[in-house]
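Accompanying notes for the structure given below.
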Amino acid sequence: MARGGGQARRRGQRHLGTHALLGVCVALVAFPVLYALLVSTFTFREVFEYPPRLLPGGAAAENYATAWTKASMGRLLFNTTVIAVSVALGKMVLSVLAAFAFTYFRDFRGKTLLFVAILITHMLPLPVRIVPTFELMDRFGWVDSFYALTIPFFASATGTLLFRQFFLTVPSALSDAARVDGAGPMRFLATILLPLSYNNLMALFMVEFVYMWNQYLWPLVITTSNEMRVAQIGIKMLVATDAVAEWNVIMAGVIVVMLPPLVVLLLLQHHFTRSVTFGVEK
């Protein structure tokens, strides 16, 4: 009994130490966000006080109102939401169709080589492709439009790989049974594969929504009017170039811009957790 109690005590101490370490890590990761939230409640003078204040101020309403009007935040959030949702949905559709073709169309000649070519696009980040993509958008007359802000991002090597790997885990008996019942490829995709892929679809939507929400370089290059600016550019607009930065207002803008992707992340995080197993739910 004493030996069993000692082992349980040591196990409890190890668990306590592990949770304490994880708590410290979480605090370190969350501190910048929490401090930004804190600064967004300060007055301009309180931002530069030393030692720094660690209690909320009383200027939150004024700071958020100033950030909202100064950067036309309503329009920026609308633009960014349209772009992020459109790209996420476009990537879902194209990724599912491409993965379906790579997995189930056995007579698709050269599909292995083409799949490798798609994966190679991971080696070409946006800064490398930005000049030729801009020239193409200019030829189409799409500069400073939603077309240029969304369509170049529809293709997704990551999404294609994700769904191809998932489709490979689906038992072949399902496709054989669907074929025997007279179901065509698209019906099999719509009635069998898509319901099984629900977690993967939501996970891809979450990842791509957050990715597009944080885009800065491409929207900065391809847009020329304030009506087409996005939220990340709005934060830059809050930074004065000829005066001392009003960090209280800037942090208020940061918090506002951070809220939509945070909500999406919280709503869909469990789908992302389930999707990483690439398994079929029973």
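Pick out which of Ile151, Ile83, Ile235 has the largest mean-square fluctuation in a Gaussian network model of the chain, springs linking Cα atoms closer than 10 Å.
Residue with maximal mean-square fluctuation among Ile151, Ile83, Ile235: Ile151.
List the trypsin sites (Lys or Arg not before Pro) in the range 46-120 that DSSP assigns to loop (not H, G, I, E or B) and whose Cβ has at most 16 other Cβ atoms within 10 Å. Which are they?
Counting only loop positions with at most 16 other Cβ atoms within 10 Å, the trypsin sites (Lys or Arg not before Pro) in the range 46-120 are Arg53, Arg106, Arg109.
With a point put 7 Å past each Cα toward its Cβ, work out how far His15 is from Ser172 in nm, to one decimal.
Result: 4.6 nm between the two label points.
Run the simple label-point estimate for His270 and Leu119 please: 7 Å along Cα→C-beta, distance reported in nm.
Here the modelled spin labels are 3.4 nm apart.
FRET efficiency for Glu46 and Leu262, Cβ-Cβ distance as r, R0 = 30 Å, nearest 0.05?
According to the calculation, E is roughly 0.75.
Using a Förster distance of 45 angstrom, determine the FRET efficiency expected from the C-beta separation of Arg75 and Phe108, and round it to 0.05.
So the FRET efficiency works out to roughly 0.50.
What ranking do 168-175, 185-192, 15-22, 254-261 get when scored by the average of other Cβ atoms within 10 Å per residue, highest first?
Put in order of decreasing packing, that is 254-261, 185-192, 168-175, 15-22.
Please list, short to long, the whole-number percent of alpha-carbon pairs of the range 56-159 in consecutive 10 angstrom bins beginning at zero.
So the P(r) values, bin by bin, are 12, 28, 28, 17, 9, 4, 1.
For the range 59-107 and the range 172-189, what is the centre-to-centre distance using only Cα atoms, to the nearest Å?
About 33 Å separates the Cα centre of the range 59-107 from the one of the range 172-189.
Net charge around Gly159, counting only other residues with Cβ within less than 13 Å of its Cβ (Lys, Arg = +1; Asp, Glu = -1)?
+1
Across the Cα atoms of the chain, what radius of gyration and what greatest pairwise Cα-Cα distance (Dmax) are found, in Å?
Here Rg and the maximum Cα pair distance are 24.6, 81 Å.
In the chain, which whole DSSP H runs stretch at least 30 Å along their own axis (Cα) and average 1.0 or higher on the Kyte-Doolittle scale? If you can, show how the numbers build up before the last one.
Numbers: long enough: 2-39 (53 Å, 0.57); 73-104 (46 Å, 1.50); 247-275 (39 Å, 1.43).
Flagged H segments are 73-104, 247-275.
Which whole-angstrom value gives the distance between the alpha carbon centres of the range 219-235 and the range 110-162?
20
What distance in nm lies between label points placed 7 Å from Cα along the C-beta direction at Asn226 and Phe140?
2.8
Since every read-out is calculated from the coordinates, none of them should be taken as a lab result. Model, not experiment: these values are computed from the prediction. Cβ sites come from the backbone with ideal geometry, for glycine too, and all protein chains shown count toward neighbours.
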